[in-house]
Each structure stands twice: as C-alpha cells, then as structure tokens.
Amino acid sequence: MAERRRWSEEFPRWFDWVLEAAGIYDWSHYPVKGMGVWLPYGFKIRRLVTDLIRRLLDETGHDEVLFPLLIPEHLMRKEAEHIKGFEAEVYWVTRGGIQELDVKLALRPTSETAITYMESFWIKSYKQLPAKYYQIVSIFRYETKATRPLIRLREVTTFKEAHTAHANFDDSERQVLEAIDVYKRFFDALGIPYLISRRPEWDKFAGAVYTIAFDTIMPDGRALQIGTVHNLGQNFSKAFDVKIQLPDETLDYIWQTSYGLSDRVIATIIAIHGDDRGLVLPPIVAPIQVVVVPIPAKSEEETRKVREYIDSIVEELREKGVRVYVDWRSDVTPGYKFYDWELRGVPVRLEVGPRDVKNRTVVVARRDTLEKKTVPRDQVISEVLHLLDDIGRNMREKAWKWFRSYVHRSESLDEARKLLEEKRGIVEVPWCGREECGKRMEELTDAKVLGSPLQPPEWVRGASCPVCGRPAATSLRLAKRY
Ligand SMILES: Nc1ncnc2c1ncn2[C@@H]1O[C@H](COS(=O)(=O)NC(=O)[C@@H](N)CS)[C@@H](O)[C@H]1O
C-alpha cells in the first residue's frame, strides 16, 4: 500500500494514491496515455453517480439514446467552427483490418454532428419538439495538455452528453435554464460547490452561440470546469439542413442546446470531500453506506450471540434501503478494518462486540467528522438514518464554506495576481466587457478567464475596468485552471 499522502499539502500525489489505494481506478498500468481502468469499487461509485444524473434527466423529459462511436469525416467537417475547434483533438480510424478506409472515421469527440445529422431524417415538424436526448458514453480527445486520471483523459469514459432540439430561440433559452437547474441539483446532491459563469467569446464551445460553465475549486486551489451548457443556436441545424414546419406553415431550422458532464464529477467527489485518511463519500453515492465491524468474542457462545445481534441490525437497515456490509474477515484485526473502510470513505461504521450484546448497545462512528458514540440498540436504526442524512448535508456545507474562502473580489490586477499566486482560487475583477481587456487581464495576472456571472453583479456599479479605465459593465473571474 503506497504510504499515506496528505490531502492538504500534496493534493496531486494524494489523489493518485487514493485512486489506487481505495480501489477506484488504475491509471498507472494501462499502456495508452490518458486512459485508465475503472476498478470494481470505483465502478460502483460511478454507477451510483450515473444513476443520479439519469434520474434528474429522465424526470425533466430527456430520453436516453445511444449513437455510434464513429463519425465519418464529411459529417465532422460540416460545421466550420466545430471542426476548427476540434481538429487538433480528433482521433481518426483510417483502416479496417488490412483495408485502407475510403472514408476516414472520427472517434466521436462529442456528438453534435452525429445527432444533428440523424435529426435531419427524424424531425420535420414543430409538433415533434422539444426533442431531448442524452447518452452516457466514451468520447475521445487527443488532449495535448498533461493528462490526469479522471480529470484530463484522452478516453473520457463517463461522458454524459445531452442534446436538445427546439422550434424557436426562446424555447432553447428556456432549455439552457433547465439544464443549469439540473446541474445545480446534481452537484448539490453530491455536495460539490461551484461558480456558474458565462465563458468569454474566445473560450466558448466550438460551434456554440455561447457557453455557460460550472467551475469548482480543487484542493490545490486550481479551478476545474465540471460541467458546461451550450446554446448552439442554428449553427448545426443550418450546417445539416434540419428544417421544421412551423405552426404558420413556414419552414425554419431547429434551435439546439447541448450540455455535458464527465468523469471529472467523480474526480471532484473524491478530491473535495477527501481527507488524509482517504475517501469521504456522500451517502447518496456510497456503494456501502454502513459497514459493520464485529469485535471478536472469546467463546463460541459469545460469537454466536454477536452474529445474531448483528444479523438483526443488518436486516432492519436493509429493510430501510440502506446499503450495509458486514466485514466478517477473520484474517485482519478490527483496527485494520477501521483503517480500510475509512480509506474507502464509508459514511457510517458500526462496531459490535460481546459487550455491546450484553449492554444492548452499538458503537456508531461517522466518517466525515470521525466522531464516535455509543447508541442503545433500539435507537440504532433511527440514528443511522439520521446520520446518513446529516453527513450529506454536513459535507455539502463544509465544502461550500471551504470554496467560498477561495473566491475573492478585487479592483486591482496586482492584488489579483498576488492572490492567485499565493492562494490560488478565483478572483473576480470589474470588467468593461471588451475582449482585449479580458485577454490583457489574463496576461497581467498570469491566470485564465473563467468568464462572467450570468447577470452583471451589483458591486461593479461605479467601478472601472482595471485595464482601460472605462466603466465596468460586469465582472470577470480569473483563476489558475486545470
Ligand atoms: N479531456 C477531458 N477529460 C475529462 N473531462 C473532460 C475532458 N474534456 C471535457 N471534459 C468535461 O466534459 C464536459 C463537456 O465537454 S465540453 O467540451 O465542454 N462540451 C461538449 O462536449 C458539448 N458537446 C456538451 S456535451 C466539460 O465541461 C468537462 O467537464
């Protein structure tokens, strides 16, 4: 077992250590750069995370679909901005067996081209709209910046991409707001803090009219883009000639949005909630929510009583839908088991030995605060249910409190640069709204622009752009980014 890392001091090494030590993901052995293997325990977490986003999308009228992985070159090239933006990242298949292919096939970097092409056959009338599809698939991008497990992959194995079609611009704008709300509920359920920004014109999704992004802050203070919502306007529907008949019998191209999440969501659950002992999992995505550790008894009789006592607790918890596991291993000590299940982030641990059977008690330990207490047997179930709810809330509040301490405001670029240099995080400064000033700010602070709040914030009123001195129209957020 690689020796422990400190979450707070050496986050990147801690992250690599915990992915392997907790059995989440094997990044170091697979012989293709930017690609790793989901291990059994990690895959169970991934399944619970994808179940959650599926529920939120299904409840808001989306239908899950599945498109081919390969996109022929002529489709990839139809939307000029799109291919320009992805040209440097697309993997191409050029042979089938010993045959050279006459048409190069792209491994999908995202699926707007494939989906809009198929919609040109399917969608003819406004009566069929809105059409709201999503898929959770692998996408491939030949990332040239440093690849990192779950954070910057070349095969993005948990890519949830939603694609919607609408009869008019207003409907597509409403869909953008719905997508933002779905992502808020998703990240809130996982206790992941975020700032929502409209990306600047020079950093929007290739082919979009505009991009709205969710950014969080990782333990090393750098910002990470964890979700994006794009209004695509009619850029793709014009390129693919997807026209509908409107109520007044005229024809028009459809209006589209797309919004995506990836393995990064799981990276932030691990990174933001983790501590020096390892994972701390939100109960909603914990494969094991309660682990029971029997304390060995001396006699056969006592062992039998402990087992019966535990079996009755487990049965009652399972009846309540709690995911419970009893660690009956006989070759390791209770202490080792405590370490092992803390490393795997199990939210609640019950310790049960002969003394507990005699006193009709159970020792209950919570993973987030590491507090332990002895609870009477007849209160165990209600105590566990309360804890699972309280742990989720406590983790979310703690993460938001930490996040807010990393978000600053400043009217001086010099101060902003120093803040980002010394503490990292996100610094918000007044901005006139002009691109050259935004880009100049990136240079002067040696950071990247995340974008602006969706509405101009009150506090910039009367402030001036620190580059050109013009009155600020809104604010600009700067951060060291992944
Ligand atoms: N190389 C990568 N590794 C891991 N996650 C990534 C990678 N590239 C992008 N992502 C994540 O995937 C999300 C969606 O990607 S995106 O390019 O912004 N948007 C799209 O592809 C649109 N078609 C919406 S699905 C991003 O917000 C980011 O969180």
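The values are calculated or read from the model by the stated rules, or taken from the named source; none is laboratory data. Predicted model, so just to flag it, every value in this text is computed and none were measured. Neighbour counts run over all protein chains shown; Cβ positions are idealised from the backbone, glycine included. Note: areas computed on protein heavy atoms with side chains; ligands, DNA, RNA excluded. Shrake-Rupley method; radii C 1.70, N 1.55, O 1.52, S 1.80 Å.
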Next item on the list: Could you check, for segment 91-109, whether at least one of its residues is within 22 Å of the chain's Cα centre (by Cα) and assigned by TED's automatic domain parsing to the domain that holds residue 171?
Entry: yes
Next item on the list: Being more than 12 Å from the ligand (Cβ to nearest atom) and surrounded by fewer than 19 Cβ atoms within 10 Å (Cβ to Cβ) is the filter here, so list the residues in segment 143-175 that pass it.
Entry: 168, 169, 170, 171, 173, 174
Checklist line | Answer residue from segment 473-482, given it is in a loop (DSSP other than H, G, I, E, B) and over 18 Å from residue 415 (Cα atoms) and is least open to solvent (accessible area, probe 1.4 Å) among those | finding: 482
Note to self: Could you go through segment 241-262 and let me know if any residue there is modelled with pLDDT of 95 or more, outside any strand (DSSP E or B), open to solvent by 10 Å² or more (accessible area, probe 1.4 Å) and within 8 Å of the ligand (Cβ to nearest atom).
What the structure shows: yes
Next item on the list: Please state which one of 219, 283 is more than 13 Å from the ligand (Cβ to nearest atom) and over 19 Å from residue 17 (Cβ atoms).
Entry: 283
Next item on the list: Scan segment 274-303 residue by residue and report those that are open to solvent by 50 Å² or more (accessible area, probe 1.4 Å) and touching a strand residue (DSSP E or B) at 6+ places or on another chain (Cβ under 7 Å).
Entry: 295
Check: In segment 340-362, what count of residues is obtained for those that are more than 21 Å from residue 282 (Cβ to Cβ) and not acidic (Asp, Glu)?
Finding: 10
Checklist line | Complete set of residues in segment 225-240 that are assigned to a strand (DSSP E or B), within 12 Å of the ligand (Cβ to nearest atom) and of a type outside the set (S, T, N, Q) | finding: 226, 227, 229, 230, 232
Check: Has segment 179-195 got at least one residue that is assigned to a loop (DSSP other than H, G, I, E, B), within 13 Å of the ligand (Cβ to nearest atom) and under 22 Å from the mean Cα position of the chain (by Cα)?
Finding: yes
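Okay, residues lined up against (1) part of a loop (DSSP other than H, G, I, E, B); (2) outside the structural domain of residue 219 (by TED's automatic domain parsing); (3) open to solvent by less than 40 Å² (accessible area, probe 1.4 Å); (4) free of Cβ contacts under 8 Å to residues at least 12 places away in the same chain:
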| residue | (1), (2), (3), (4) |
| --- | --- |
| 416 | no, yes, yes, no |
| 421 | no, yes, no, no |
| 437 | no, yes, yes, no |
| 440 | no, yes, no, no |
| 456 | yes, yes, no, no |
| 459 | no, yes, no, no |
| 462 | yes, yes, no, yes |
| 466 | yes, yes, no, no |
| 469 | yes, yes, no, yes |
Item checked: Total residues in segment 225-240, condition in contact with a strand residue (DSSP E or B) (Cβ under 7 Å, 6 or more places away or on another chain) and open to solvent by 30 Å² or more (accessible area, probe 1.4 Å) -> 2
Margin query: Need a quick list: strands (runs of 3 or more DSSP E) entirely within segment 7-120 having at least 3 residues that are modelled with pLDDT of 95 or more and loosely packed, with under 13 Cβ neighbours inside 10 Å.
Written below: 91-96, 99-107
Note to self: Of everything in segment 263-273, what is open to solvent by 10 Å² or more (accessible area, probe 1.4 Å) and not charged (D, E, K, R)? Give them in sequence order.
What the structure shows: 272, 273
Item checked: Residues satisfying the stated conditions in segment 348-382, i.e. surrounded by fewer than 18 Cβ atoms within 10 Å (Cβ to Cβ) and either at pLDDT below 95 or assigned to a helix (DSSP H, G or I) (or both) -> 355, 358, 359, 377, 378, 379, 381, 382
Note to self: I'm told residue 446 meets every condition in (1) in contact with a Leu (Cβ under 9 Å, 6 or more places away or on another chain); (2) of a type outside the set (Phe, Trp, Tyr); (3) surrounded by 15 or more Cβ atoms within 10 Å (Cβ to Cβ) except one. Can you identify the failing condition by its number?
What the structure shows: (3)
Item checked: Where a residue in segment 284-305 is touching a residue at least 40 places away in the same chain (Cβ under 8 Å) and its partner, wherever it lies, is open to solvent by 70 Å² or more (accessible area, probe 1.4 Å) and among the β-branched types (Val, Ile, Thr), with Cβ under 8 Å and at least six apart -> none
Notebook entry, point to check: Within segment 89-116, can you find the residues that are closer than 18 Å to residue 208 by Cβ and in contact (Cβ under 8 Å) with a residue 40 or more places away in the chain?
Noted result: 89, 90, 108, 110, 111, 112, 113, 114, 115, 116
Next item on the list: With the condition kept exactly as written, say whether any residue in segment 130-139 is within 11 Å of the ligand (Cβ to nearest atom) and either within 18 Å of residue 215 (Cα to Cα) or modelled with pLDDT under 95 (or both).
Entry: no
Next item on the list: Would you confirm whether any residue within segment 400-408 is within 29 Å of the chain's Cα centre (by Cα) and charged (D, E, K, R)?
Entry: yes
Next item on the list: Can you give me the number of residues within segment 197-224 that are open to solvent by 40 Å² or more (accessible area, probe 1.4 Å) and outside any strand (DSSP E or B)?
Entry: 7
